[in-house]
Amino acid sequence: MFFLAEHRRRPEYREGITDQGSVAMGIGAWGLMTGVAMVQSGMSTLEALLMTLIVYAGSAQLAAVPMITAGAPMWVILAAAFCVNLRFVVFSAHLRPYLMHLPRGQRLVSGYVTGDLSYVFFAKRYPHPGRDAEERAQQQAYLMGNCAVNYLAWMVASVVGVFLANVVPLSWGLGFAGILALVGVLCSLATSRLRVVSAGVAGAAAVAAWALPLRLNILVAIASAVAICLLIEQVQGKEPGHG
Amino acid sequence: MADTDLHTVLTILALGVITLITRSFFLFSDRPWTLPHWAQRGLQYAPIAALSAVVLPEIVTTQGQLVQTWMDARLFAAAAGAAYFFWRKGVLGTIVTGMLVYLPLHVGLGW
């Protein structure tokens, strides 16, 4: 929970804020365009605000909004959102050993607020779970610093977008700033040869499998990239990647 | 301006639950349990794979079709952003450089 004083007083919290701050502008632009897109797709202002405040998952929101306005059955909308969010299931498996020292309530809140970039920065900063209480507290503070910036940048920009929906034309494509933020983070993760392979395989697979429903192409891409990298590791006799 | 209806609000609440379930999927159970070793090793390739899978289609496809022309602002903007990153590091500069290339091409020339 990123508002807790026990996190805020640690230097790792500020480190998290600085790191996530480097992508805040992209997140903001993306949030802004998500807010604009929801209203322009036919949601009411109140619905769009509730969507922003409750769902807090941009890609799932953008997938769900056209289905909601088209009157699709609720279970179809929920199944689609679940599939778009499946990558978070993978992230949660990764985060589990880092977070298990917390009581369940705090674990769930931590998971809920950890979006793509908070997870990516965290996994990059801490390759291994903390060994003692102090290290675990530092890691948690860093994660929450990231989440605080991510949450604020996204929420403020989305709400602005909802209210400015009729002023900002989608055709400007300001949302591309969000993609550029992801490009930057992607480059920062390319620290070993196999990771570059992973990015190449996943990108190609995601494009090739685009026709799959419910954005399942993303999951297919992650699975094939990881599988191929593990295979290459086996063949080469383990080249341990760092960070 | 569209009206708010109860069914949509219920759907939104349920979507919030989906966010919670997916983001915390492996955080619910208290029982001791660890990932198999191969999965732990595999996870170091997952973050970059997930990003690439989300990003690349947004840059090189339109409605699922590979772009047919090089006159697409996204290609140049992404290349400029990546070039900045490997030159100077820093994600903020990547965004700014990319958008400085993107906006004139996209809004100005309609690419």
Open item on the list: Between a residue in the stretch B:19-47 that is within 7 Å of another protein chain (Cβ to nearest Cβ) and any residue that is assigned to a loop (DSSP other than H, G, I, E, B) and at pLDDT below 80, which pairs come within a Cβ distance under 8 Å, given they are 6 or more apart or on different chains?
Closed with: B:Leu43/B:Leu35; B:Gln44/A:Gly241; B:Tyr45/A:Gly241
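Matching residues to (1) more than 7 Å from every other protein chain (Cβ to nearest Cβ); (2) free of Cβ contacts under 8 Å to residues at least 60 places away in the same chain; (3) under 17 Å from the mean Cα position of the chain (by Cα):
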| site | (1), (2), (3) |
| --- | --- |
| A:Gly178 | yes, no, yes |
| A:Leu182 | no, no, yes |
| A:Leu189 | no, no, yes |
| A:Val197 | yes, yes, no |
| A:Gly200 | yes, yes, no |
| A:Ala204 | yes, yes, no |
| A:Trp210 | no, yes, no |
| A:Leu214 | yes, no, no |
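Let's see how each residue does on (1) among the hydrophobic types (A, V, I, L, M, F, W, C); (2) within 18 Å of the chain's Cα centre (by Cα):
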position	(1), (2)
B:Leu20	yes, no
B:Phe25	yes, no
B:Trp33	yes, no
B:Ala50	yes, yes
B:Gly64	no, yes
B:Trp70	yes, no
B:Leu75	yes, yes
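Return the residues of the stretch A:42-54 that are among the hydrophobic types (A, V, I, L, M, F, W, C) and either free of Cβ contacts under 8 Å to residues at least 12 places away in the same chain or surrounded by fewer than 18 Cβ atoms within 10 Å (Cβ to Cβ) (or both); say none if nothing qualifies.
Passing the criteria: A:Leu46, A:Leu50, A:Leu53, A:Ile54.
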Open item on the list: It is to be established whether one or more residues within the stretch B:53-73 are in a loop (DSSP other than H, G, I, E, B), modelled with pLDDT of 90 or more and closer than 28 Å to B:Leu109 by Cα.
Closed with: yes
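Kindly indicate whether B:Ile59 is within 30 Å of A:Leu46 (Cβ to Cβ) and of a type in the set (A, V, I, L, M, F, W, C).
On the way: within 30 Å of A:Leu46 (Cβ to Cβ): no; of a type in the set (A, V, I, L, M, F, W, C): yes.
Judged against the criteria, B:Ile59 is not a match.
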Task: Enumerated helices (runs of 4 or more DSSP H) restricted to the stretch A:51-117, each holding at least 1 residues that are assigned by TED's automatic domain parsing to the domain that holds A:Ala148 and closer than 23 Å to A:Met144 by Cα - done: A:58-69, A:86-99, A:104-113
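The values are calculated or read from the model by the stated rules, or taken from the named source; none is laboratory data. Since the structure is predicted, the reported quantities are computational estimates derived from the model, not experimental observations. All Cβ positions, glycine included, derive from the backbone under ideal geometry; neighbour counts span all protein chains shown.
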